[in-house]
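Trainee: One structure, pasted below without further comment.
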Amino acid sequence: AEDAFIEHIKNKWSIRVEKLPIVYGFDYAVLKDSDLVGFIELKNRNFNTTDFPDSMINLNKWLKGKELRDGTGLLTLLACRYKDKDIYCSLTDKTERKVKWGARTKNTRDWQDIGPAVHIDIREFKNI
């Protein structure tokens, strides 16, 4: 699923991506021509964009994005594939968000699925 999603993004935006080592905490580096222009995290959602007022990522992922953004001055993007459409937002200090306890509470894989999560208002997202 991730491979098809990133291929769609690459084709739509005419970019190149490189998978990042796990230590970076984000999925891909984004390149335009030979220039590194940002970083992108992908999420697959098994529901529609209208089912919840926000989209969430775990707090650690948000902090990794902030570290990449602050350290490089480059874009950090969150792209989500929902059942009804593909959307993305730029993660910035001005992104409207709330930090809440919870994260994945349905279909938890293990105890680490529940913790602090950043809930980003769905209105922050644009269609891919």
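The values are calculated or read from the model by the stated rules, or taken from the named source; none is laboratory data. Given the structure is predicted, the values throughout are model-derived calculations rather than measurements. We place every Cβ from the backbone using ideal geometry, glycine too, and count neighbours over all the protein chains shown. For accessibility, only protein heavy atoms count, side chains too; no ligands or nucleic acids. Shrake-Rupley method; radii C 1.70, N 1.55, O 1.52, S 1.80 Å.
Trainee: Please give the number of the condition residue 31 fails out of (1) closer than 18 Å to residue 6 by Cα; (2) more than 13 Å from the chain's Cα centre (by Cα); (3) open to solvent by 50 Å² or more (accessible area, probe 1.4 Å); (4) modelled with pLDDT of 95 or more.
Mentor: The single condition residue 31 does not satisfy is (3).
Trainee: What are the residue pairs meeting all of these: first residue in region 37-63, first residue touching a residue at least 12 places away in the same chain (Cβ under 8 Å), second residue polar (S, T, N, Q) and crowded, with 17+ Cβ neighbours inside 10 Å, Cβ atoms under 7 Å, and 6 or more apart or on different chains?
Mentor: Listed by first residue and then by second, the contacts come to 38/76; 39/76.
Trainee: Taking strands (runs of 3 or more DSSP E) that fall entirely within region 40-128, which contain at least 1 residues that are modelled with pLDDT under 95 and under 22 Å from residue 24 (Cβ atoms)?
Mentor: 54-58, 97-103, 114-121
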